[in-house]
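Comments concern the structure below.
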């Protein structure tokens, strides 16, 4: 049975980002910056520190040999040749090596931004994590124009604030681009609209230009939920949903104006402008009752030309849905999975789905935005203390996630009022400390 749900807005006009989405006018005065920008004054709404970044120069275009980072940044031809690199299959261990990490299952954290990004939650849990992620989003302004993350800091330099801060802490940065929900969750009419598409493709190109300034490996996670809605609304034929591509993405003018062209344009722009970036689309369990159909759909839109695939186990604590007191947790269903894997739903069922996706697409998986809740025999809980058992199960069974085609797991809240590492009684810190003392190798 298809399980369809919608993510709920968090503070901004739409989307999930806990600490972004404010209009640029609400930001503090710009700080000074070199190649990437430094934190300036704290914004009055507590959303983003401002800062000025370096100029893009000649469009920030990366020079030299490009190709898939997973296969080595010098492979697959010139990044500026205009052609698309051939599809490659890289093992999880090879990708870990390409981003400069030991060949072990990766652990990350995100959606944890502080006014001073050196105090982001991922940098305060004790051990040095492998990944730190942050959202970039878009939104519809009051005057009906499209706004986005590029307006949060001068010239889109918020990207480099995130990348440079993570790098300074020895962590690989990861960006989750969540812009396709700007017109509303599951509303895909903007795909054929020049005004939205012009803004969208300008942002995608700017994102990669900013990553070229960073000039080190970083992950980019494209559009959670969007691909599932697209699979459903296209009835698994991506050529039936039209995309206004040629007029708004000049680098992709030769590609088809549909979801196939869209996916391949994302890949092309990544390889052209930021060949050190590793990219991936998002797979959602609720997209179809058949994971093989979802894998096939994702391949049709170019996921087999990316580096990784992303997926989520649940977008907020199971107990929040059970308590039914938070307006952001009103979805029905069974969310606290059976750790014994006897009754449904359980973790083995989910990992079987994950294995079908990683095998079908031919890419390793990063599980993302995993809730922090603490296991409890009592359903529900209260704000900041809802129950969940995903942290407990994952760190007790990491080999199962590796065997399902996993590359890593990134934890983070998907809504306000959820359990965090500051309210979980030390569960997450203890788990990552124990894990990094004896990490699980990748194949």
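For this structure, a couple of remarks:
- Checked against the criterion of being in contact with a helix residue (DSSP H, G or I) (Cβ under 6 Å, 6 or more places away or on another chain) and more than 30 Å from residue 114 (Cβ to Cβ), the candidates 346, 341 yield just one match: 341.
- Any chance residue 290 is surrounded by fewer than 24 Cβ atoms within 10 Å (Cβ to Cβ), touching a strand residue (DSSP E or B) at 6+ places or on another chain (Cβ under 9 Å) and over 26 Å from residue 212 (Cα atoms): no
- Of all residues making up region 139-175, the number that are under 22 Å from residue 276 (Cβ atoms) and assigned to a helix (DSSP H, G or I): 15
- Of all the residues in region 403-443, those that are within 21 Å of residue 103 (Cβ to Cβ) and surrounded by fewer than 20 Cβ atoms within 10 Å (Cβ to Cβ) number 11.
- Filter result for residue 304 (without any contact (Cβ under 8 Å) to a residue 24 or more places away in the chain and surrounded by fewer than 22 Cβ atoms within 10 Å (Cβ to Cβ)): no
- Scope region 198-231; condition outside any helix (DSSP H, G or I) and over 26 Å from residue 143 (Cβ atoms); matching residues: 215, 216, 217, 218, 219, 220, 221, 222, 224, 225
- Flag if residue 319 is crowded, with 22+ Cβ neighbours inside 10 Å, farther than 25 Å from residue 217 by Cα and at pLDDT 95 or above: yes
- Residue in region 378-390 that is surrounded by the fewest Cβ atoms within 10 Å (Cβ to Cβ), counting only those that are touching a strand residue (DSSP E or B) at 6+ places or on another chain (Cβ under 9 Å) and more than 17 Å from residue 345 (Cβ to Cβ): 378
- Just one residue in the set 359, 354 is buried (at least 17 other Cβ atoms within 10 Å of the Cβ) and in a helix (DSSP H, G or I); that residue is 354.
- Residue within region 213-220 that is surrounded by fewer than 21 Cβ atoms within 10 Å (Cβ to Cβ), at pLDDT below 95 and over 15 Å from the mean Cα position of the chain (by Cα) present: no
- Summed over region 363-377, the residues that are surrounded by fewer than 18 Cβ atoms within 10 Å (Cβ to Cβ) and either within 21 Å of the chain's Cα centre (by Cα) or without any contact (Cβ under 8 Å) to a residue 40 or more places away in the chain (or both) give a count of 2.
- Of all the numbered requirements in (1) in a helix (DSSP H, G or I); (2) out of contact with any helix residue (DSSP H, G or I) (no Cβ under 9 Å at 6 or more places or on another chain); (3) modelled with pLDDT of 95 or more, residue 195 misses one, and that requirement is (3).
- Any chance residue 136 is closer than 23 Å to residue 407 by Cα and part of a strand (DSSP E or B): yes
The values are calculated or read from the model by the stated rules, or taken from the named source; none is laboratory data. Here the structure is a predicted model, which is why all the values come from computation and not from measurement. Every residue, glycine among them, receives a Cβ derived from its backbone with ideal geometry; neighbour counts consider all protein chains shown.
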